[in-house]
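Quick notes on the structure that follows.
The values are calculated or read from the model by the stated rules, or taken from the named source; none is laboratory data. Everything quoted here is computed from the prediction, not taken from an experiment. Note that we place each Cβ from the backbone using ideal geometry, even for glycine, and neighbour counts take in every protein chain shown. Each accessible area value is taken on the protein alone, full model and side chains, heavy atoms only, with ligands, DNA and RNA left out. Shrake-Rupley method; radii C 1.70, N 1.55, O 1.52, S 1.80 Å.
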Amino acid sequence: MHGILHHAPTGRGRTALRRLRARVRRLPRWWPVPLCALLGTAGGGAYQAVEPPRYAATGRVVVVPGKGTDPAAALGLAQSYGRLATSGAVLTDAHRDSGLPLGALRDGIRAATSPDAPTIEVTGTARTPAAAAGLADAVTRSLAGTGNRTALRTGAHLLVLARAAAPDGPVPPSAPLSAAVGGAAGGLLGGLVLLVRPRERPPAVRAGGSVPAPAHTAVEAGAVPAAEGAVR
């Protein structure tokens with residue numbers, strides 16, 4: 001009696017497992033792709049909901065052409081200095097002068113330029129308003145100093161047009177973007193699972209059984225009478 005009671009749950013568990021496997025086999029082969037994409041979308045939205053707020057502050061630097069320098073050349077110089085703002089040389093100078101961590105400067109600084117004005121916008125992003133403004137101010141000063149050291153060669157000076165002010169509120173969260181990125185990553189993961197997933201083998205013939213021969217082979221062997229013989 002004890003052995004029967006002990007093995008009964010195991011038998012039911014195996015039956016349920018076989019039924020589950022049979023249901024999974026009936027699903028389309030590509031089912032991991034939409035499932036992983038759905039899970040990725042949900043994960044991206046959840047991450048955006050729990051991520052701490054971030055603050056952004058922006059400072060501006062203007063390129064001032066010198067005497068005898070074509071004012072239109074200032075636009076080209078602004079584009080060049082905009083790319084230089086996030087380079088190692090400018091960030092290293094900002095780190096040395098301000099004492100801010102170099103990693104925070106690398107991760108929290110981005111620069112943008114305008115096609116219509118010779119200005120460079122330097123934006124710092126951090127966990128607090130004061131830290132964001134500190135990052136932007138350090139890089140704008142460093143960028144202006146770098147540009148002024150080459151003023152004799154370029155014929156233009158850089159001035160800090162506006163210092164970064166501490167923002168009043170955090171950067172608005174982008175839940176749709178996070179969900180889209182999570183969904184794309186999940187879909188890619190599902191595709192990889194689909195590629196490495198082994199293909200199902202065709203059902204094997206039971207032992208002692210035989211595969212029925214084609215009809216024309218049976219007729220030629222005399223096992224099945226031909227149509228004309230059957231009519232006669």
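Of note:
- Residue-normalised accessible area of segment 66-162, expressed per residue, 1.4 Å probe, Å²: 51
- Förster-model FRET efficiency, 22 Å R0, Arg83 and Ala165, C-beta, rounded to 0.05: 0.30
- Neighbours of Ala73 by Cβ distance under 14 Å: Lys/Arg scored +1, Asp/Glu scored -1, total +1.
- Between Leu188 and Ala16, the distance separating the two model label sites (each 7 Å from Cα on the Cα→Cβ line) works out to 3.8 nm.
- Residues Thr128 and Asn148, FRET efficiency given R0 of 35 Å [Cβ-Cβ distance, rounded to 0.05]: 0.70
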